[in-house]
Amino acid sequence: MSAAEDALLRTTGLTKRFQGVVALDNLDLDVKKGSIVGVIGPNGAGKTTFFNVLTGFYGPDAGTIELMGRRVDWLQPHEIAGLGVSRTFQNIRLFANMTALENVLVGDHVASAFVNPGPISSPGGRVGFRDQLAVIAGRMKHPLQMLASPLKWGWEVVATVAGLPIVRSTEKSAVDRSYELLRFVGLQGRSQELARNLPYGDQRRLELARALATGPKLLLLDEPAAGMNPQEGQAMMRLIRQIRDNLGVTVILIEHQMRVVMGVCERITVLDYGKKISEGTPQEVQADPRVIEAYLGRKVAAEVSGEAASDG
Amino acid sequence: MPENWTSRILPAWLNSALSTATGRAERAYGSVPNAIRLLVLALLLFLVPYYPNPFGGGLVFDDRWLAVFRLVGLYIMLGIGLNIVVGYAGLLDLGYVAFFATGAYLYALLASPASPAIDFPIDSVPWLFWVLLPMSLIVGALVGILLGIPVLPLRGDYLAIVTLGFGEIIRLFLVNKTDWTGGSQGLYGIKAPPLPGGLELKSTALTEWYFFIILGIFFTAFCAVRLRDSRIGRAWEAIREDEDAAAAMGVDTIKYKLFAFAMGAALGALGGMIFAAFQGSAIPDSFDLLVSINVVALIVIGGMGNTWGVVLGAVILIGIPDFLRFKEASDFLGWFDPLVPFADTHEWAQELRTNRFIVFGALLVLVMVLRPSGLIPSKRRKIEFSTPTEAA
């Protein structure tokens, strides 16, 4: 199998600037299907920006993102979610006043649709005004297609209000799936509690269940073990491995707890000032002097390597 | 805790007895099947025009009351419609009157002999009202989508201000675009909608109108509750809670915000059409900012996201000012005359009526301070506001 077919996600030359601050600088990254990849780096290295660009919250200033060979940069967040990229957030962002079950059900939103939303019409990549006009003109040629979406919307609302059997059956299977996911992350019996009333660790698990409910191929975890004690961190590591092994989901995770990163990740990418400074297996990255320098500063890094030299 | 406020003023034994009693009553009420509850409620409501007065003959609610109920009922319908937008999806829409006016003018333009839009005798289409009634939902939804597309990418306060502008633009359009809308003197002379059996829904047929409005309320409440408890309702709630997280879960936020806007607009247009029908006219002055403000205020006072809250809010804000005009109101207030030495309570009541917007304002402030989730908060909001806000 060639490398191109093997890559689930591929970014090339990905760049994002915020008014002169380069948050992502020419980032090339390949993520193999079925792997667990860690993204680490000091604070402000651009890790979360990387996730935000991947999930469509920001459009990149340059570079491309390909998901299974399809351009996905500049798509809307919900379109990217629909293509199978899901995420959790660094500061937990559950729907605080909805129950645990309802949270997972929102994650199931795409799967529980009884009206096919149709293919994503935007081509991916930055689309200029002229391209947009061309897309609209292309659609104008098919008046029936133009009519289709308002009719679909009307049908969706009318069928829901009427409570047709198709609505009830999709709802029931969505609820069943959601209960199963709650069980998978270990939240059985807490389905009717409000998300805000759950303890911190359970909130992290619930966010994971919600992300899994979208049926992702690629799962982006932003500091899944933040604020957890070693035991909880261990449990989270087991859960992440299970997600990959049992559900076949590829995982990219940002994490500061080195115990977790080194324990669970097969490959690690190190960012500093938006640049990739190192990449490889946990052992390779740990030994890389550039990584030590980025974390500890040039001077300390020199001392550390000096000591290492004198020790050896 | 607001739940146990009685414990502060009652002796402990009485309080505990009271709470067991209310608890038992609540459980008993909860064990009654929903369908039976609804049936009893509907029966009580439909018999309202026939309640005999136990004191001295006649009926409890005569035509004056039914006229008030009709207006209160109309505002309940509007409130339930706007509640979809404000309460469920969390979009503050201050221009709801635009959709109310859309419905009213949709009907008036086709049914009024003064309409500049048609020049055929309107008597040729006797069932026009009943044909247009479902159409008003569709036209309202379409207008809602058209107005929604440019404004819905905005969030929070910005959305409120732009919708406020839309509400006023519609009124100015109705006043100034004379050759389309009949201008400021409005469209009048709309014939009463016919009923089977040679009857008519005349403005004076208050009992018939009352029944019609009750049916309308049941319809709007049914639509709203069905949508709330569905996948669409969950998407709205998710958008209200955290728009970015909802988008990351695959919710097309613009589409579902448009849905909320369109559903609110459809029910608003339905209300507008009914309003035009019982007034027999549509005049731009009836579609000013105050309608929007009244509807938002009754939702906020009653309890956001809660249908019963809307009902209570409409009774307080729309019903009570009209009630103060009645002789019964002055009689009732007359009892307090000995308690208030230097004032005539009847006069007070009239003062209160004429200055009701000051009272509304004060009431809004009071409710916001004392019960920020409204008089009858929805279940989930009740929990939201009675737990400490520690979760991040």
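Read the figures in this text as sums done on the coordinates, not as results from a lab. Predicted model only: the values in this text are computed from it and were never measured. FYI the Cβ positions are ideal-geometry reconstructions off the backbone, even for glycines, and counts take in every protein chain you see.
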| message | Taking θ = phi - 60°, what integer Hz values does the Karplus form 6.51 cos²θ - 1.76 cosθ + 1.60 yield along segment B:67-72, in sequence order, with x for Gly and Pro? | response | 5, 5, 4, 4, 5, 4
| request: Shielding by partners for B:239-245, please: the mean number of other protein chain Cβ atoms within 10 Å of each residue's Cβ. | output: 6
| What Rg and what Dmax come out for segment A:145-191 when only alpha-carbon atoms are used, in angstroms? | 15.6, 46
| note | Computed over segment B:179-219, the distribution of all Cα-Cα distances in 10 Å bins, rounded to whole %, is 24, 37, 28, 11
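Please state the relative contact order of chain A as a whole percent: Cα pairs under 8 Å, 6+ residues apart?
Relative contact order of chain A: 27 percent.
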| said: Quick check: the angle from helix A:298-311's long axis to the longest principal axis of chain A, C-alpha only, nearest 10 degrees? | reply: 50
| request: With everything on Cα atoms, drop me the angle between helix A:129-140 and the longest principal axis of chain A, reported from 0 to 90° to the nearest 10. | output: 30
| said: If I take all pairs of Cα atoms in segment A:12-69, what percentage of them are more than 16 Å from each other? | reply: 43
| field | For segment A:202-218, 3J(HN,Hα) per residue [Karplus equation, 6.51 cos²θ - 1.76 cosθ + 1.60, θ = phi - 60°, Hz, x = Gly/Pro] | value | 5, 4, 4, 5, 5, 4, 5, 4, 4, 5, 5, 5, 6, x, x, 9, 10
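Over segment B:63-287, what is the mean sequence separation of C-alpha contacts under 8 Å (at least six apart), divided by residue count, expressed as relative contact order in percent?
Normalised by residue count, the contact order of segment B:63-287 is 44 percent.
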| query | Taking 0.36 nm per intervening residue step and subtracting the Cα-Cα distance, what contour gain separates B:T354 from B:K177 on full extension? | reply | 60.5 nm
| request: Looking at the protein assembly as shown, send over the antiparallel percent of its DSSP beta bridges, to the nearest 5. | output: 60
| note | Taking alpha-carbon centroids only, segment A:176-191 lies from segment B:16-95 a number of Å equal to 38
| Charge dipole of the protein assembly as shown about the Cα centre (unit charges at C-beta), most positive-ward option of B:F323, B:N15, B:W130 | B:W130
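Under 4 °C and 1.567 mPa s, how fast does segment B:63-287 diffuse according to Stokes-Einstein, given a Kirkwood radius computed over C-alpha pairs? Answer in µm²/s, whole number.
72
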| remark: Within the under-9-Å Cβ sphere about A:A23, not counting A:A23, Lys/Arg +1 and Asp/Glu -1 give a net charge of +1
| field | Over chain A: Rg over Rh, Cα atoms, Kirkwood Rh | value | 1.02
| message | With loop defined by DSSP as not H, G, I, E or B, and exposure as at most 10 other Cβ atoms within 10 Å, which is the longest segment of chain B clear of exposed chymotrypsin sites (Phe, Trp or Tyr not before Pro)? | response | B:128-334
| query | Which Cα, out of B:V295, B:V251, B:L106, lies furthest along the positive dipole direction of chain B (beta carbon charges, K/R +1, D/E -1)? | reply | B:V251
| message | Two decimals, Cα atoms only, Kirkwood Rh: what is Rg/Rh over segment A:171-214? | response | 0.94
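Averaged over B:251-257, how many beta carbons belonging to a partner chain fall within 10 Å of each residue's beta carbon?
Averaged over the peptide's residues, the number is 4.
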| Against the longest alpha carbon principal axis of chain A, how many degrees, from 0 to 90 and to the nearest 10, is the axis of helix A:143-162 turned? | 90
| For chain B, what is the convex hull volume of its Cα atoms per residue in Å³? | 189
| field | Local electrostatic count, B:G90, Cβ distance below 11 Å [Lys/Arg +1, Asp/Glu -1] | value | -2
| task | For segment A:196-201, just list the computed ³J(HN,Hα) in residue order, Karplus coefficients 6.51, -1.76 and 1.60, θ = phi - 60°, integers in Hz, with x standing in for Gly and Pro. | result | 5, 8, 6, x, 3, x
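Based on the alpha-carbon gyration tensor of the protein assembly as shown, what equivalent-ellipsoid semi-axes (square roots of 5 times the eigenvalues) come out, in whole Å, largest first?
In descending order, the three semi-axes are 56, 32, 23 Å.
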